[in-house]
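A quick write-up on the structure given underneath.
Quick note: the coordinates plus some simple rules give every number you see, no bench work behind them. What you are looking at is a predicted structure, and each value in this text was computed from that prediction instead of being measured. Counting neighbours? That spans all protein chains shown, and the Cβs are built from the backbone with ideal geometry, glycine included.
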Amino acid sequence: MRIGFFDSGIGGLTVLAEALRRLPDMDFVYMADTLHVPYGTKPKEDVKAYIFESVATMMNEGIDALVVACNTATSIAIAELRERYSLPIVGMEPAVKPAVEMNRATGKRVLVFATPLTLQLPKYYALVSRVDDMGIVDSLPLPELVHYCEALQFDKLVMNEYFKGKLADYDLDQYGIIVLGCTHYPFYKDILRELLPAHIEIVDGNIGTVKRLSALVNRYGIAGSGGSGQVQFMCTGNEPAYIDKMQTALAYLLEKDATTEPLQHS
Ligand code: DGL
């Protein structure tokens, strides 16, 4: 049985890497919408149309469940995707709820990094209104980070300058947690870890998403169905070079703990 993963670009690979670690008996189809990446700075209605086109293409590949491995796409389309398709669909949202709970005792603030579109949409506003009862959540759009990531820009000096600029107006002593609310951003976890004060935790929704996927495939009885961690890569622009890039980026994520080698465009 095969699980489809969908993102605008390589960001969803950070979720797929977690799935490969935790669900080794599944096969996967990963689709990047290379014709339209990035989503986070485009008009909502345009992005919605792109998502439906890409997902329809994935459905033709024969998938048994779908992970919308993109916070922006989830905010825009998850409800309508579930109406249109009967297979199990897992979405993502910034991990604001666990972050608020983790900070409840310390009273430190939470800073959410996400795309401009995610932060503008009613779904995010509703989430923060629901869980931020102490008024401790701040949000910072980082649109440039998706461009850097898609260009495999992981140079420490370049990225440190970028993050320092973005965080210049924040008193980081006040913050206890940074939430990575875009699936591209975990590629920068190590760089952020070195840059940020040690008391700040960095969280993302990737493990939570894979746990929900795992529960769902069990409930639908499609778990343990003889897969072997195969990944089929697809992209809307059909660029062979991009397929290579996805393979390289996934291998980097899977081996990251075992190596210190940076991921760079050659
Ligand atoms: N990776 C996506 C997300 O989680 C979208 C980034 C983009 O295309 O702007 O929001």
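List of remarks:
- Hypothetical label at GLU53: residues of segment 1-27 whose amide nitrogen lies under 20 Å (7 Å Cα-Cβ projection): 5-12
- Reduced Cα scattering model of segment 102-155, Debye log10 I(q)/I(0), q = 0.24, 0.29 Å⁻¹: -0.92, -1.11
- All alpha carbon pair distances within segment 110-266 were sorted into 5 Å bins beginning at 0; the resulting P(r) in whole percents reads 1, 7, 13, 18, 18, 16, 13, 9, 4, 1, 0.
- Cα shape, segment 171-254, gyration tensor, a/c 1.5 rule: oblate
- Whichever aspartates and glutamates have a C-alpha closer than 19 Å to that of LYS164, once near sequence neighbours (fewer than 8 apart) are set aside: ASP138, GLU144, ASP155, ASP173, ASP190, GLU194, GLU201
- A protection proxy built from the mean count of other Cβ atoms within 10 Å ranks the segments 139-148, 101-110, 88-97, most packed first, as 88-97, 139-148, 101-110.
- Seen from every direction in turn and averaged, the convex hull around the alpha carbons of segment 24-69 projects onto 3.7 nm².
- Size descriptor for segment 1-149, Kirkwood hydrodynamic radius: 16.2 Å (Cα pairs only, one decimal).
- Per-peptide packing, taken as the mean over residues of other Cβ atoms within 10 Å, places 175-188, 73-86, 230-243 in the sequence 175-188, 73-86, 230-243 from highest down.
- A full extension of the chain between ASP133 and ALA251 corresponds to an added length of 38.4 nm, given 0.36 nm per residue minus the alpha carbon distance.
- Under the Debye formula (equal points on every Cα, no solvent term), log10 I(q)/I(0) of the chain at q = 0.14, 0.15 Å⁻¹: -0.97, -1.12
- Considering all C-alpha pairs of segment 1-78, those separated by over 16 Å amount to 45%.
- Sorting the segments 160-171, 200-211 by their mean number of nearby beta carbons within 10 angstrom, highest to lowest, gives 200-211, 160-171.
- Cα-projected label distance for TYR125 with ARG84, points at 7 Å along beta-carbon direction, nm: 2.5 nm
- Estimated FRET transfer efficiency when R0 is 30 angstrom, pair ASN218-GLU101 (beta carbons, to 0.05): 0.75
- Per-bin percent of Cα-Cα distances, segment 92-185 [10 Å]: 15, 47, 31, 7
- Taking the C-alpha atoms only, the angle from helix 44-60 to the longest principal axis of the chain is near 40 degrees.
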